[in-house]
Amino acid sequence: MDQEVMIPQNIIDDIRRSTDIVDLIADYVKLHPSGRNYKALSPFTQEKTPSFVVSPDKQIFKCFSTGKGGNVYTFVMEMEKISFPEAVELLAKRTGIDISRFTKQQKIQNEENESQTGTLRWAARTFHNTLESPKGVQGLSYLTEARGLSRAIIQQFGIGYAPDQWDNLINEAKQASIPLANLTELGLTTHHKERGSWYDTFRNRVIFPIFSIGGQVAGFGGRTLDSDPRTPKYLNSPENPLFEKSKLLYGLHAAKDEIRRSESALLVEGYMDVLALHQAGITTAVASCGTSLTRYQAKILQRYTNRVLFVYDADPAGKKSMMAGIDTLVTEGITPFVLELPSGDDPDSFVQRAGKEEFLRYSEKNKQSFIDFQIRFFTQSGNFAQTDVKAKAIRAITHTIALIPDRIRQELYLQELSEKLGISFSSLKELLVIESTMRREKNIPGENSMRARPTPVPEKKMSVLERTFLKALLESSFYGNAVLEFAASHENMLTLPNPLAQNIFTHLIRRYHSLSGSPNDHLDIISEISMFSEPEARNLASGLLLDQPVSKKWHEQTDLNAENARQCLASFLDAFKSLVLEPLIRQKEILTEQIRNENDAALETELLREKITLDRKIRKTSDDLRAMIRSIIDNR
């Protein structure tokens, strides 16, 4: 880590301590209190029973489905697919800690050269700088004059421009030493197979960076300024590990806090709709990145709110999208409302013409429940004109209600539908049972974009003794250096059989030796987790720290440090003694078995002598360790 980041360890520790893990993770999953901890459905896999645990006391997380665990840094690295230095930078911005004095421009450039996330940030800056340059006059004119966007909103959302050239970005990348391979992998350049050459993917387009929840550039959307009808109006980055359209909501990085505060989100169709609404001060607006709303996007929204207002275009395509989106939202426990704008309007044009207050007034007056919207949709489509077609429409509405996971809400909506259509509740109830049964039989396969639940990777077999040893070692660091001091001075006496356990042990001893020697210096074990060289080591350490503490007095406030430190030390020393003696005892067992099976009298006598010597060694080692442990405990 020291080679990668030029930031002092104490600053890295300060950033971690300033970032509350519960607040951070709540941006990605919906947490529910569970005793002293919080639980959630795992963000790393698809599951129905929560297996993801967050400890506010220890500021760590553990996913028991996948085995992943760690601190705020490891969580951000996992979710945003970024490196440790990038995670430090991201959380520093979040906490308002200035680390610019520790970062060198060359280091930043090198990171951008090497990482895809760095290349995306570079590309976003390049597109934005181009918009502000003479090359970007056409793009800036379109945004400010034709679409009415202010310089402030352009800056806030990092909007840029790709000029009408085949190699503008390629040339900029050469000057910045950005590998062409990075550009191609991210879809920023395209390979012409016949000519064996590369060209810029985005040309003569206004560029909209699409951000992750944490504010990292994930990809781009480009709106053409070309009048040729054969040119696609919008072009998005191709799917790749960093850019999965079905898992992103445009504008959410800027809207999430206000959505959580107001307990409501505004869902629109396009980038310009989001930008116009945010510019007007309606900052709960997000868009589904030009795709039909997916279940994954609905799950993301459900982390922040249970109420969503659809404001799509009033044309037939927009209404069909809302009908499909309603089913997607209710499946995730979200209550959808629908706002139909005046004919010919979209959210962008309406709010630019009427302003914020009129938009909000119109919304409050004209928003419909999803049932009202469905009834109106089928009525306007002529589905209620004939009995057989009307029956299909009623089944479709009942199907939507059957998707709601809450039985009480199902009953209430069924009563509402009964009153509005004049159909008996019992008939609708019978239909609901049929729809629910059919749904269960189909088992509603997840969308293609949803990750299949992976089989947890089993940890290498580790003895109970090794786990106890490691847990006491990790836990002891909360109370000072006593255990680490002993472990460091007797390191040569012990080799842990499990490679992962040895990896953690060696790392902690090495880090202990790097301390300045001041009695006030000690390892911040929660920060240390993200510095383990192997991800499996981070996962194991997080799990051990979430287990029941070695000290039964963990949560007591009286003489906390002294008593807990003593109990950790006692447990550690006991495990240490057993681990040192274990190979000797195993050697004795093997020797005893050899004596039992030996037929040659001379060889048997030789083996007996070896056993006597070994017995003496075991007794002496045991006595020495016992005396050493008693001395250490008595002096604490």
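The values are calculated or read from the model by the stated rules, or taken from the named source; none is laboratory data. As the structure is a prediction and not an experimental result, all values here were calculated from the model. All Cβ positions, even for glycine, are placed from backbone atoms using ideal geometry, and neighbour counts span all protein chains on display. Each accessible area value is taken on the protein alone, full model and side chains, heavy atoms only, with ligands, DNA and RNA left out. Shrake-Rupley method; radii C 1.70, N 1.55, O 1.52, S 1.80 Å.
Answer yes or no as to whether GLU194 is in a helix (DSSP H, G or I) and acidic (Asp, Glu). It is false that GLU194 is in a helix (DSSP H, G or I) and acidic (Asp, Glu). Can you give me the number of residues within the range 37-56 that are open to solvent by 40 Å² or more (accessible area, probe 1.4 Å) and in contact with a His (Cβ under 8 Å, 6 or more places away or on another chain)? Residues that pass the stated criteria total 3.
Considering the range 1-107, the qualifying helices (runs of 4 or more DSSP H), each wholly inside and each with 2 or more residues that are hydroxyl-bearing (Ser, Thr, Tyr), run over 72-80. Of everything in the range 10-36 that is under 24 Å from ASP98 (Cβ atoms) and polar (S, T, N, Q), the residue that is least open to solvent (accessible area, probe 1.4 Å) is THR19.
Each row is one residue, and each column tells you yes or no for (1) farther than 25 Å from PRO241 by Cα; (2) open to solvent by less than 60 Å² (accessible area, probe 1.4 Å); (3) without any contact (Cβ under 8 Å) to a residue 60 or more places away in the chain.
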site: GLN138; (1), (2), (3): yes, no, no
site: SER141; (1), (2), (3): yes, yes, yes
site: THR144; (1), (2), (3): yes, yes, yes
site: LEU169; (1), (2), (3): no, yes, yes
site: GLN175; (1), (2), (3): yes, no, yes
site: LEU188; (1), (2), (3): no, yes, no
site: GLY196; (1), (2), (3): yes, yes, yes
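LYS299 falls short on exactly one of the conditions (1) open to solvent by 20 Å² or more (accessible area, probe 1.4 Å); (2) closer than 25 Å to ARG376 by Cβ; (3) not polar (S, T, N, Q), and that condition is (2). Candidates in the range 491-512 are the residues that are touching a residue at least 40 places away in the same chain (Cβ under 8 Å) and open to solvent by less than 40 Å² (accessible area, probe 1.4 Å); of these, the one that is farthest from GLY543 (Cα to Cα) is LEU494.
Looking only at the range 218-246, residues that are of a type outside the set (A, V, I, L, M, F, W, C), surrounded by 18 or more Cβ atoms within 10 Å (Cβ to Cβ) and within 16 Å of TYR296 (Cβ to Cβ) come to 3 in all. Of the helices (runs of 4 or more DSSP H) entirely within the range 330-416, those holding at least 3 residues that are closer than 20 Å to PRO316 by Cβ, open to solvent by 30 Å² or more (accessible area, probe 1.4 Å) and not hydroxyl-bearing (Ser, Thr, Tyr) occupy 370-380, 387-402. For the range 283-293, the tally of residues that are under 22 Å from LYS233 (Cα atoms), modelled with pLDDT of 90 or more and open to solvent by 10 Å² or more (accessible area, probe 1.4 Å) stands at 1.
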